[in-house]
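Engineer: Here it is: the structure, laid out below.
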Amino acid sequence: MAAVAELASRAAFAGASSRFVNAKASRSSARSVTPLRCVGEGSIDQATPVATSGTPVRKTSMLVIGATGTLGRQVVRRALDEGYDVRCLVRPRQNPADFLRDWGATTVSGDLTKPETLPAAFVGIHVVVDASTARPEEDTFVIDWKAKVACIQTAAAMGIQRYVFYSIDQCDQHKDVPLMNMKYAVEEYLKASGMNYTVLRLCGFMQPLISGYAVPVLEEQTLWGTDDDTRTAYLDTQDIAKMTLAAVRREEANRKVLTLAGPKAYSVKEVIQICEKLGGAEAKVTKVPVLLLKVTRGLTRFFQWTAPAADRLAFAEVLASGVKFDAPMEETYKTLGMDVNETTTLEGYMEEYFSKILKKLKEVGGASRQRDFYL
């Protein structure tokens, strides 16, 4: 018990205040879009030394944080398929994550907002894959900053041998956006931890495009778009999981920041056109001017209760500002020991979805009302 208490103490936030802006100031700086600073009076390894001795753990032991999410569950499944012993950190909930145990993973309860509940989940673990992020109803500052600091400190104290963190493409170029600012700050904090790490910057998931565009086209509902030419190189989360496990296996990916992008970047207009073609229906699109997003974001900043909404609008503003979320992947595929032909294209992903859902509709002889049909 004393050892666990010591580990919990090391993972607490007291030590972070001397190196990072304190919680209150950090929240204020995030709202006022001042970049979080990762290096201050000292380095993380002075307060949270990486454990170098103890009982050896199997290299196949993995902890997945955020295992019930869209990406996290795919990482769990892929890791199990590759022979890893997977443990999942899950929050106490009324509906337990039974599907994770059905797959063969083990689960342990923990609360990311309570650092003292974390050390037990890290015992006997070799690799940590952190796929957690704030849900729409949660505070991004608490989950995507404070909780990340707690997890990294705990992992360093427990002697974790590899920490994989998912970030956002170009987060270092948009520090005025609170979420991207926090992602970049976590990257820097992880680099300073003394642990072996891999940061995977993501451009976008294919999965949300189903509920966002495919289903509304099928159900002849209104689609919301913007009047911009932002292009995103979407990836299937199954492919991201495959790349993640490759990064864990290969020493070439150690202490690297890799951007993961799909085979091709698409605008929202092009995504809608694909859905129209495969669904055999014309989309009803209502465009939201980017200027309106900027004005709305500015107004919501004046009120404390709308601050989280302002943060999300800031991120939406970047997504609708003509930025291209894409990256060359030739060197990344070499680093991961993978072939570009292994990666699913957006056309292929959508074609598989529409063929399955249209076949199902034909069988039941009805119109689509299914919003949770994911591949």
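The values are calculated or read from the model by the stated rules, or taken from the named source; none is laboratory data. From a predicted model like this one, the values you see are computed outputs, not experimental measurements. Methodologically, a virtual Cβ is constructed for each residue, glycine included, from the backbone with ideal geometry; neighbour enumeration extends over all protein chains shown. We work out accessible area using only protein heavy atoms, side chains counted, and drop any ligands, DNA or RNA first. Shrake-Rupley method; radii C 1.70, N 1.55, O 1.52, S 1.80 Å.
Engineer: Can you name the residue in the range 261-272 that is at pLDDT below 95, out of contact with any helix residue (DSSP H, G or I) (no Cβ under 7 Å at 6 or more places or on another chain) and more than 11 Å from Glu347 (Cα to Cα) and, of all such residues, is most open to solvent (accessible area, probe 1.4 Å)?
Structural biologist: Looking at the filtered set, the residue picked out is Lys269.
Engineer: Let me ask something additional. Report yes if some residue within the range 212-219 is in contact (Cβ under 8 Å) with a residue 24 or more places away in the chain, touching a strand residue (DSSP E or B) at 6+ places or on another chain (Cβ under 7 Å), open to solvent by 20 Å² or more (accessible area, probe 1.4 Å) and in a helix (DSSP H, G or I); otherwise report no.
Structural biologist: yes
Engineer: Looking only at the range 132-182, count every residue that is assigned to a helix (DSSP H, G or I) and under 27 Å from Arg58 (Cα atoms) and tell me the total.
Structural biologist: 12
Engineer: Okay, moving on. Looking at Phe165, Phe205, which one is under 13 Å from the mean Cα position of the chain (by Cα), open to solvent by 20 Å² or more (accessible area, probe 1.4 Å) and on the phi < 0 side of the Ramachandran plot? Steps first, answer last, please.
Structural biologist: Values: Phe165 fails: open to solvent by 20 Å² or more (accessible area, probe 1.4 Å).
Sole residue among the options that is under 13 Å from the mean Cα position of the chain (by Cα), open to solvent by 20 Å² or more (accessible area, probe 1.4 Å) and on the phi < 0 side of the Ramachandran plot: Phe205.
Engineer: Return the residues of the range 71-108 that are under 17 Å from Met243 (Cβ atoms) and open to solvent by 70 Å² or more (accessible area, probe 1.4 Å); say none if nothing qualifies.
Structural biologist: Arg73, Arg77, Arg78, Asp81
Engineer: If a residue has to be under 19 Å from the mean Cα position of the chain (by Cα) and either of a type in the set (Ser, Thr, Tyr) or closer than 24 Å to Asp85 by Cα (or both) to count, how many in the range 102-146 make the cut? Quick ask: steps written out before the conclusion?
Structural biologist: To start, the set of residues in the range 102-146 that are under 19 Å from the mean Cα position of the chain (by Cα) comprises 110-113, 127-146.
Right, trim to either of a type in the set (Ser, Thr, Tyr) or closer than 24 Å to Asp85 by Cα (or both) and you get 110-113, 127-133, 140.
Qualifying residue count for the region: 12.
Engineer: Ile152 - would you say it is open to solvent by 10 Å² or more (accessible area, probe 1.4 Å) and touching a residue at least 12 places away in the same chain (Cβ under 8 Å)?
Structural biologist: Values: open to solvent by 10 Å² or more (accessible area, probe 1.4 Å): no; touching a residue at least 12 places away in the same chain (Cβ under 8 Å): yes.
No.
Engineer: Within the range 173-195, can you find the residues that are out of contact with any Ser or Thr (no Cβ under 7 Å at 6 or more places or on another chain), open to solvent by 10 Å² or more (accessible area, probe 1.4 Å) and at pLDDT below 95?
Structural biologist: Within the range 173-195, Gln173, His174, Lys175, Asp176 qualify.
Engineer: Name every residue in the range 92-131 that is closer than 20 Å to Ala147 by Cα, part of a loop (DSSP other than H, G, I, E, B), in contact with a strand residue (DSSP E or B) (Cβ under 7 Å, 6 or more places away or on another chain) and modelled with pLDDT under 95, in order of residue number.
Structural biologist: Pro92, Gly110
Engineer: Still on this model: Quick check on the range 238-260. Is at least one of its residues open to solvent by 40 Å² or more (accessible area, probe 1.4 Å) and within 16 Å of Phe325 (Cβ to Cβ)?
Structural biologist: yes
Engineer: Another question about this same structure. Being within 22 Å of Met243 (Cα to Cα) and either touching a helix residue (DSSP H, G or I) at 6+ places or on another chain (Cβ under 8 Å) or open to solvent by less than 10 Å² (accessible area, probe 1.4 Å) (or both) is true for just one of Asp130, Asp144, Asp111. Which residue is that?
Structural biologist: Matching residue, one of Asp130, Asp144, Asp111: Asp130.
Engineer: All but one of (1) farther than 30 Å from Lys284 by Cα; (2) hydrophobic (A, V, I, L, M, F, W, C); (3) within 20 Å of the chain's Cα centre (by Cα) hold for Ala192; state the number of the condition that does not hold.
Structural biologist: (3) is the only condition that Ala192 fails.
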